[in-house]
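Data block below; observations after.
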Ligand code: SAM
């Protein structure tokens, strides 16, 4: 009672729902879902009859107050999104912040997340990585964001829509260099799961070979800049400072 559970749901394979997720979803008083019609299918599949209300980008602030009202009434809530972990490029941030600020407990369940799942099989460094979510849709914004990441030495993880994948890969090649290793994880946990790796151009060539390859959900991962480059840059900067009159 008075608890908000944050519950990840499958990203393509229903078998990935956890036993604990099913238990929590069945036992809470109310489920806040990004899209109730979409989630009802998942809940029906598992025979869960808990009532669901919508919580999405457009009603999140006003909904948060209402949901805190439920918690104040000793009711328990679960937050889910259409797929994967809520708050990870999905709704929920204002709600979780508001619930914590109001003094109620937020209990997270571990579970599916496309970024982490993709990274775990990509063969890129995982000791350090950064999650960049979706790049801006327009070329100028995307280029600026990538420029800001040019000397990032950690593996970078991006979400992308099939419509923009070729443009984004082209920008990655242009801004981060044509030699940078890229891995795209497509339709993870689904029947046609595929990992494509190479330079940005190699991956673009693969996508273009058969137009239907551009369909499906994907995570783009990019190798970090070589660490020495960082040191070289620091050195050059120090030198430039010394030379300044
Ligand atoms: N909250 C989700 C999570 O935890 O992964 C992410 C939601 S975000 C709106 C959707 C994006 O996640 C897609 O555009 C794609 O980049 C990535 N994604 C989701 N499911 C995927 C899958 N099965 N395979 C590859 N990428 C996926």
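With R₀ set to 45 Å, the beta-carbon distance separating residue 26 from residue 127 gives a calculated FRET efficiency near 0.70.
For region 109-147, the residues whose amide N sits under 20 Å from a probe point set 7 Å from the Cα of residue 57 along the beta carbon direction are 114-115, 131-146. Taking a ≥ b ≥ c as the square roots of the eigenvalues of the alpha-carbon gyration tensor, region 122-170 is classed oblate because a/c is 1.5 or more while a/b is no larger than b/c.
Residues 219, 175, 107 in ascending order of nearby Cβ atoms (within 10 Å, fewest first): 107, 175, 219. With each label modelled as a point 7 angstrom along the Cα→C-beta vector, the residue 187-residue 72 pair spans 4.9 nm.
Taking a ≥ b ≥ c as the square roots of the eigenvalues of the alpha-carbon gyration tensor, region 1-40 is classed oblate because a/c is 1.5 or more while a/b is no larger than b/c.
For residue 205 and residue 41, a Förster radius of 41 Å and the Cβ-Cβ distance give a FRET efficiency of 0.65, rounded to the nearest 0.05. The residue 18 and residue 120 beta-carbon pair, evaluated with R₀ = 22 Å, returns a calculated FRET efficiency of approximately 0.85. Restricting the calculation to alpha carbons of region 68-143 gives Rg and Dmax of 16.4, 49 angstrom. Please say if region 90-235 is rounded, prolate or oblate, where rounded means a/c under 1.5 for a ≥ b ≥ c the square roots of the C-alpha gyration tensor eigenvalues, and otherwise the choice is prolate for a/b larger than b/c and oblate otherwise? Oblate. Counting only alpha carbon atoms, the long axis of helix 60-72 and the longest principal axis of the chain meet at about 40°. Helical runs (DSSP H, four residues minimum) scored at -39500 (n - 2.57) apiece and divided by the length of the chain put the mean residue ellipticity at 222 nm at -12000 deg cm²/dmol. Separation of region 101-138 from region 166-242 is 18 Å, based on Cα centroids. Once the Cα atoms are used to define both axes, helix 227-243 deviates from the longest principal axis of the chain by about 60 degrees. The convex hull of the Cα atoms of region 47-102, projected and averaged over all directions, covers 4.3 nm². Extents of the chain, taken as max minus min of Cα coordinates on every principal axis and listed largest first, are 66, 52, 31 Å.
Would you mind telling me the antiparallel percentage of the DSSP bridges in region 1-80, rounded to 5?
Details: 0 of 10 bridges.
Rounded to the nearest five, the antiparallel share is 0 percent.
Helix 200-209 versus the longest principal axis of the chain: what is the Cα-based angle in degrees, 0 to 90, to the nearest 10? Between helix and principal axis, roughly 60 degrees.
Throughout, read-outs are computed from the coordinates displayed, never taken from laboratory work. Everything quoted here is computed from the prediction, not taken from an experiment. As a convention, Cβ positions derive from the backbone with ideal geometry for all residues, glycine included, and neighbour counts pool all protein chains shown.
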